[in-house]
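**Student:** Provided herewith is a single structure, encoded as structure tokens, for subsequent inquiry.
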Amino acid sequence: MTLDARRHRLWQAMGLGPVWQQRNPSAAASGSEAAEPRAERIARLGWDDLAAEAARCRACPLGETRRQAVFGVGHRHAEWMLVGEAPGAEEDARGEPFVGQAGKLLDNMLASIGLTREGETPQSVFIANVLKCRPPNNRNPEPAEVAQCQPFLHRQVELVNPKLVVVMGRFAAQALLGTDASIASLRGQVHHIDVAGRRVPVVVTYHPAYLLRSLGDKAKSWADLCFARDVHARAASG
């Protein structure tokens, strides 16, 4: 079975449909008729309307328990896009992804290869999460929650139109790549997603929050960033 076929089967099992493709209403599962127009509408939104839609979203129960949606931050036309998993307590309070100790570590990691979340320069990145709302007690994202948030992330990737996507953490990797594989097995490879008819390379690494608990794996993340830098250089020159 090909990789694309495995992705398709996994996403169907989760009720998410093919990766980075709008779902066919005639082939959608029962009860999806109301969700499909929402996904199509989100797919047409510009940045400001997309952020406003995320802020008022109540498509899943997380919309009732969050303080605010955590939409994303950084250069909206960045060459690098970073995708994490879900907001934590500090992100929920501030409305910005990757703050606190994990955010400081991420900023240091980016600075080590000449990147920043600030400004709108060739060195600026855009950062978002798969989920825009914090799961209670920072529990793992659930498939139904990922399904409701997927149109927002899909549209963000299309609007940024990056040359490279770096996914951080197991749930982010599984959501974007449509796989149940481990981080260890996904690292060190170039994966791809299709965005607006273009194949965008994807590199997988550990989540900064995980690195705070597993200091020994920081060297592996440094290797991943160096690998991502090489992949970006090839994509930019191509």
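The values are calculated or read from the model by the stated rules, or taken from the named source; none is laboratory data. Computed from a predicted structure; not experimentally measured. Methodologically, a virtual Cβ is constructed for each residue, glycine included, from the backbone with ideal geometry; neighbour enumeration extends over all protein chains shown. In case anyone asks, the SASA skips ligands and DNA or RNA and just uses the protein heavy atoms, side chains included. Shrake-Rupley method; radii C 1.70, N 1.55, O 1.52, S 1.80 Å.
**Student:** Once amide H atoms are built 1.01 Å from N in the peptide plane, which residues 5 or more positions from Leu82, or in another chain, come under 5 Å H to H?
**Tutor:** For Leu82, the qualifying residues are Phe126, Ile127, Ala128, Val166.
**Student:** Moving on to the next point. Once each part is reduced to its C-alpha centroid, what is the distance from region 43-74 to region 211-236 in angstrom?
**Tutor:** A separation of 29 Å, based on Cα centres.
**Student:** To continue, here is another question. Within region 72-100, find all residues whose amide N lies under 11 Å from a label point positioned 7 Å from the Cα of Ala236 along Cα-to-beta-carbon.
**Tutor:** Answer for this model: 79-80.
**Student:** Ignoring ligands, DNA and RNA, please state the percent of accessible area on region 37-77 from carbon and sulfur, probe 1.4 Å.
**Tutor:** Ligands and nucleic acids excluded, carbon and sulfur reach 48 percent.
**Student:** Leaving out ligands, DNA and RNA, what percent of the accessible area of region 101-166 is carbon and sulfur, probe 1.4 Å?
**Tutor:** C and S atoms contribute 46 percent here.
**Student:** Something else: I'd like the GluC sites (Glu not before Pro) in region 70-163 restricted to DSSP loop residues with at most 16 other Cβ atoms within 10 Å, sorted by number.
**Tutor:** Glu118, Glu120
**Student:** In addition: Straight-line reach from Lys218: which lysines fall under 25 Å, measuring Cα to Cα and dropping same-chain residues less than 8 apart?
**Tutor:** Lys104, Lys163
**Student:** Still on this structure, I have one more. What span do the alpha-carbon atoms of region 84-238 cover on each of the three principal axes, reported in whole Å from largest to smallest?
**Tutor:** That gives 43, 34, 34 Å along the principal axes, largest extent first.
**Student:** Okay, next question. Quick check for you: with a 1.4 Å probe and neighbouring chains kept, what is the accessible area per residue of region 34-99, in Å²?
**Tutor:** 46
**Student:** Would you please name the trypsin sites (Lys or Arg not before Pro) within region 65-174 that are DSSP coil residues with at most 11 other C-beta atoms within 10 Å of their C-beta?
**Tutor:** Here the sparse-neighbourhood loop sites are Arg139.
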